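Sharing a structure here in structure tokens format.
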Amino acid sequence: MASPRHVPVLLDRVVALLAPSLERAGAVYVDATLGLGGHAEAVLETFPQARLIGIDRDPDALALAGERLAPHADRTTFVHAVYDEIPDVLAELGLPDVDGIFFDLGVSSMQLDVRERGFAYAQDAPLDMRMDGHTGATAADVLNTYPAADLARVLRDYGEEKFAKRIADRIVAEREREPFTTSARLVELLYAAIPAPARRTGGHPAKRTFQALRIEVNDELNVLRRAVPAAIESINVGGRVVVESYHSLEDRLVKQAFAAATRSDVPVDMPFIPEGHEPTFRLVTRGAEKAVEPELTDNPRAASVRLRAIERIREDRAA
Ligand SMILES: C[S@@+](CC[C@H](N)C(=O)[O-])C[C@H]1O[C@@H](n2cnc3c(N)ncnc32)[C@H](O)[C@@H]1O
């Protein structure tokens with residue numbers, strides 16, 4: 001049986017939010033974070049007419065999802081890409097717009113489970129953390145080469161780590177002795193750098209630093225900042241974009257992009273909105289939806305999820 005970590009988060013709610021856009025004949029659905037294909041499988045089973053474009057930057061995820069979704073091979077297309085490339089992916093497939101796009105942000109349980117990928121701090125593993133497994137700088141490269149001020153910025157901005165400067169200074173001193181290669185030394189350093197009272201209340205001392213390194217290594221927030229508006233642009237009338245975020249930095253970017261799309265572009269003191277200037281999107285969720293019991297207990301990832309959805313209600317505004 002699958003472990004609880006493999007259960008797709010808010011699965012029924014995601015499918016329900018996509019339903020109005022995917023129930024139509026010939027609907028095209030983009031899963032921008034295919035992962036193990038859990039959400040995608042439910043979508044393919046629920047909407048027998050929908051075609052899936054499954055994107056992931058991790059080739060291993062695409063291979064595993066491909067096996068899982070083999071029974072639906074006649075209506076699936078898998079693309080190895082970073083999700084801010086959605087417009088290029090769709091252009092190459094000859095699809096000017098699509099009916100639904102879903103993002104389930106972050107790392108998959110598979111990435112966390114494979115020790116060599118270096119995402120988990122619970123075991124000593126190479127400090128890699130690259131989601132695609134081989135392109136660009138690793139977490140070890142970041143730790144061993146960034147100036148102390150840049151390290152502190154990464155830990156503060158991406159990890160919301162209160163002791164960012166103290167940790168960064170210790171990393172720089174420690175790497176002079178010997179460069180970092182595996183996670184155990186870093187975890188040990190974090191235990192020593194974070195004062196005991198903060199350790200008791202702030203969760204595992206490595207959690208925030210590992211999150212920050214992962215975001216930096218994969219340039220996650222900059223990619224997301226480009227990707228959500230690009231996804232919004234790619235949606236046809238009646239189509240929906242649904243996003244699950246797992247920390248406040250991601251959710252803030254999603255919220256801002258959705259707010260920009262649902263705002264009217266006329267001055268606030270204008271007594272009416274002239275034709276052609278109405279907002280082109282509407283929010284489908286009120287604020288960010290969270291998971292509730294029993295999912296909160298059954299699925300650890302659900303604890304931090306924030307779900308938002310938006311729907312296109314008319315073509316782009318007049319220029
Ligand atoms: C949380 S998992 C998705 C799990 C999936 N919904 C399921 O039910 O199995 C997130 C996936 O998104 C991928 N990913 C993260 N950032 C990405 C990006 N910028 N572009 C493409 N894929 C990305 C990761 O490699 C990972 O496989």
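Any idea which residue in the stretch 37-82 is nearest to ALA231 (Cα to Cα), counting only those that are basic (Lys, Arg) and within 9 Å of the ligand (Cβ to nearest atom)?
Checked the stretch 37-82; the qualifying residue nearest to ALA231 (Cα to Cα) is ARG57.
Return the residues of the stretch 20-55 that are surrounded by 14 or more Cβ atoms within 10 Å (Cβ to Cβ) and part of a helix (DSSP H, G or I); say none if nothing qualifies.
Across the stretch 20-55, the qualifying residues are PRO20, SER21, LEU22, GLY38, HIS39, ALA40, GLU41, ALA42, VAL43, LEU44, THR46.
Follow-up question, since we're still on this one. Inspect the stretch 194-214 for any residue being of a type in the set (Ser, Thr, Tyr), farther than 30 Å from ASP316 by Cα and either away from the ligand (no atom under 16 Å from the Cβ) or not in a helix (DSSP H, G or I) (or both) and give the result as yes or no.
yes
Residues of the stretch 12-36 being near the ligand (Cβ under 10 Å from one of its atoms) and either charged (D, E, K, R) or in contact with a Gly (Cβ under 7 Å, 6 or more places away or on another chain) (or both), which ones?
ASP31, LEU34
Return the residues of the stretch 60-95 that are among the aliphatic types (A, V, I, L, M) and without any contact (Cβ under 8 Å) to a residue 24 or more places away in the chain; say none if nothing qualifies.
ALA63, ALA70, ALA73, ALA91
So if I check each of LEU95, LEU64, which one is part of a loop (DSSP other than H, G, I, E, B), modelled with pLDDT of 95 or more and of a type in the set (A, V, I, L, M, F, W, C)?
Sole residue among the options that is part of a loop (DSSP other than H, G, I, E, B), modelled with pLDDT of 95 or more and of a type in the set (A, V, I, L, M, F, W, C): LEU95.
Which ones in the stretch 84-131 are near the ligand (Cβ under 10 Å from one of its atoms) and of a type in the set (Gly, Ala, Ser)?
Within the stretch 84-131, GLY106, SER108, SER109 qualify.
Now a separate question. Of everything in the stretch 241-281, what is surrounded by fewer than 16 Cβ atoms within 10 Å (Cβ to Cβ), closer than 27 Å to ALA27 by Cβ and among the charged types (D, E, K, R)? Give them in sequence order.
GLU278, the sole residue that qualifies.
The values are calculated or read from the model by the stated rules, or taken from the named source; none is laboratory data. Computed from a predicted model, the values in this text were never measured in an experiment. Neighbour counts are summed over all protein chains in view; Cβ atoms, including those assigned to glycine, are modelled from backbone coordinates with ideal geometry.
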